[in-house]
Amino acid sequence: MLTRVESSKIESAFSIEPDEATRRRLVDWHTTYGPVYRVRRADGDGNQDWVIHQPDAVRDVLARRSGQFTKGRGLDRVKILLGNGIMVSEGDFWTRQQKRMQAAFRPKTLAEFNPMIFDECVAEADRLRDRLDAERYVDIAPHISELILIIVLKAIFGPDYETLVAREDNPFRLLTAEPTRDLSFARRFHALTQQIGQLLARRCDTSAATFDFLGHLANSVVAGVMTEREAIDEVMTLIVAGHETTASALSFAWHLLATHPDATARAQAAADTVDEHRLRATGGGERGQLDWIDHVVAETLRLYPPGWLLSRRALADVDAGGYRISAGEQVYVSPYVLHRDASIWPRPTAFEPSRFERALDRAKRFAYIPFAAGARRCIGEQLARIEMRTHLVTMLRRFTPCAAGDDPPAVDAAINLRPAGAIPIQFALR
């Protein structure tokens with residue numbers, strides 16, 4: 001029997017969208033209304049949306065009873081960008097696509113990318129070293145954005161990457177050059193599907209085996225389990241989802257390290273123990289040696305989760321943590337708000353990587369969801385962690401960061417949470 005059927009209602013009408021105004025409202029509403037409340041929708045039909053930040057209810061929505069929910073509102077802009085890839089697709093189609101994509105993200109397959117990721121991180125460190133005399137402070141965000149874009153494109157296209165940039169005119173650079181994600185950007189980005197289709201067609205016509213993502217998708221097309229259109233949509237999804245999320249998290253990580261010298265010193269001590277030849281081969285995933293680097297990543301993702309707003313729609317009446325959610329009602333979960341809940345996280349706005357020195361207890365399992373949770377947990381989580389770990393280690397072995405100031409960076413809460421302006425860092429050679 002449900003003991004809690006309904007929580008406080010916000011009588012004013014609001015539309016919950018992935019934007020900065022919504023992020024600010026959710027932070028304020030959490031203080032006023034607590035972890036579960038309802039918002040009267042702005043469409044004028046009297047419907048109400050749920051906002052849930054109570055871990056047991058989050059568990060039910062995202063994992064335990066996820067089969068009774070589907071993707072919610074707020075993904076229209078994403079669909080324009082990505083077509084019907086696994087980020088936005090639903091139902092049986094999503095289940096089939098997820099299974100087809102999963103093989104490409106197995107640890108053994110991802111390990112093939114380790115040397116490429118390491119080499120690109122070292123190349124970026126070399127480029128940064130060349131700039132130190134000319135610039136006292138470097139805005140790290142665009143540099144990381146460019147680095148992660150190269151890594152993502154090489155992971156997807158493998159040997160065809162050189163074809164894409166043969167004229168030194170990378171058509172995907174608009175992801176780093178254009179911060180606005182409006183309809184104009186969507187049209188320009190969507191136009192790239194023609195080039196992707198050409199590369200895919202060539203892969204389908206050759207028997208050469210490659211371990212990159214395009215090769216995996218081409219095999220699925222040749223086997224008749226995926227159409228060319230479906231494969232192209234998945235490529236578009238991998239580019240966008242794999243680029244901006246990791247790049248944004250790393251940019252925030254550098255600000256946090258640059259303003260916390262004790263955490264940086266400990267991270268450098270860990271990085272200095274690394275054999276770079278082994279790091280290149282393994283990605284540094286062995287237990288123990290780089291745990292503190294992983295804690296820095298985990299704490300950065302707590303404070304600045306790229307996927308900051310999740311939405312679901314109930315397919316039937318369902319109990320989530322003791323709350324009765326009716327069929328058709330929308331549910332919103334913000335990892336950003338959840339990760340900063342003072343009732344769950346002591347000193348919630350402080351950067352303390354030591355929080356993750358012990359495994360999260362059961363009460364916090366669904367209070368920390370930087371990659372979502374349940375069946376729709378981000379498929380690229382492991383690859384993102386390898387990229388972040390390798391980049392931080394290669395840089396910290398060579399440089400000591402210092403921030404231009406202690407103020408937290410401004411954020412832009414669009415589809416992903418990302419820096420809204422420059423993140424100036426001074427990198428001193430070690």
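The values are calculated or read from the model by the stated rules, or taken from the named source; none is laboratory data. Keep in mind the model is a prediction, meaning the values are calculated, not measured. Backbone-built Cβ (ideal geometry, glycine too); neighbour counts: all protein chains shown. Protein only, heavy atoms only, side chains kept; ligands, DNA and RNA dropped before computing areas. Shrake-Rupley method; radii C 1.70, N 1.55, O 1.52, S 1.80 Å.
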Between Ala428 and Asp169, what is the FRET efficiency for a Förster distance of 35 Å, r being their Cβ-Cβ separation, to the nearest 0.05?
-> 0.50
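Figure the gain on full extension for Thr282 and Lys108 (residue separation times 0.36 nm, minus the Cα-Cα span) and round it to one decimal in nm.
Values: separation 174, 0.36 × 174 = 62.64 nm, distance 1.03 nm.
Stretched out fully, the Thr282 to Lys108 stretch lengthens by 61.6 nm.
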For the chain, with every protein chain kept in place, what is the accessible area per residue (1.4 Å probe, Å²)?
-> 44 Å²
Listed residues Ala298, Cys402, Gly328: farthest to the positive end of the dipole of the chain (Cβ charges) | Gly328
Please name which of Gly215, His391, Ile117 has its Cα lying farthest along the dipole of the chain towards the positive end, using unit charges on Cβ (Lys, Arg +1; Asp, Glu -1) and the Cα centre as origin.
-> Gly215
In Hz, Karplus ³J(HN,Hα) per residue of the range 265-270 (6.51, -1.76, 1.60; θ = phi - 60°; x = Gly, Pro) = 4, 5, 5, 5, 4, 5
For Asp262 and Ala363, what does the FRET efficiency come to when R0 = 30 Å and r is the distance between their Cβ atoms, rounded to the nearest 0.05?
-> 0.60
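With charges only on Cβ, +1 for K and R and -1 for D and E, what is the dipole size of the range 255-302 about its Cα centre, in debye, rounded to 20?
So the dipole magnitude of the range 255-302 works out to roughly 100 debye.
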How do the peptides 84-92, 350-358 rank, highest first, by the average count of neighbouring beta carbon atoms within 10 Å per residue?
-> 84-92, 350-358
Determine how large the accessible area of Val297 is when every protein chain is in place; take a 1.4 Å probe and give Å² rounded to the nearest 10.
-> 10 Å²
Report P(r) for the range 360-405: all Cα-Cα distances, bin width 5 Å, range 0 to the bin holding the largest distance, values in whole percent.
-> 5, 16, 15, 16, 16, 14, 13, 6, 0
For the range 302-430, count all C-alpha to C-alpha pairs, find those more than 18 Å apart, and express that count as a whole percent of the total.
-> 68 percent
For Gly72, other-chain or 5+-apart residues with amide H closer than 5 Å (H placed, Pro excluded) are Ser311, Arg312, Arg313
How big is the convex hull of the Cα atoms of the range 286-337, per residue, in Å³?
-> 124 Å³
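Provide the packing ranking of 199-205, 410-416, i.e. peptides ordered by the mean count of other C-beta atoms within 10 Å per residue, highest first. Write down the numbers at each step before the final one.
Details: 199-205: 16.6, 410-416: 19.1.
Put in order of decreasing packing, that is 410-416, 199-205.
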The size of the Cβ-based charge dipole (Lys, Arg +1; Asp, Glu -1) of the range 103-221 about the Cα centre, to the nearest 20 debye, is 440 debye
Roughly speaking, what % of Cα-Cα pairs in the range 232-347 are separated by over 23 Å, rounded to a whole number?
-> 52 percent
How would you rank 223-229, 153-159, 98-104, highest first, on the average number of other Cβ atoms within 10 Å across their residues?
-> 153-159, 98-104, 223-229
Heavy atoms only, probe 1.4 angstrom, no DNA, RNA or ligands counted: give me Leu132, Leu110 ranked by accessible area, highest first.
-> Leu132, Leu110
Label points 7 Å out from Cα along the Cβ direction at Cys204 and Arg229: separation in nm?
-> 1.2 nm
On the protein heavy atoms, probe 1.4 angstrom, tell me the percent of accessible surface of the range 109-237 carried by carbon and sulfur.
-> 49 percent
Rg/Rh of the range 91-155 (Cα atoms, Kirkwood Rh), to two decimals, equals 1.19
In the chain, lysine pairs closer than 29 Å at Cα, eight or more apart or cross-chain | 11
Simple SL model, points at 7 angstrom along Cα→Cβ for Asp43 and Glu381; separation in nm is 3.1 nm
Per 10 Å bin, what percent of the C-alpha pairs of the range 146-291 does each bin hold, from zero upward?
-> 9, 31, 29, 21, 9, 1
Roughly how many Å is it from the Cα centre of the range 225-257 to that of the range 316-389, as a whole number?
-> 20 Å
What FRET efficiency comes out for the pair Gln195/Ala342, r = Cβ-Cβ distance, R0 = 56 Å, nearest 0.05?
-> 0.70
Solvent-accessible surface ranking, highest first, for Thr349, Thr237 at 1.4 angstrom | Thr349, Thr237
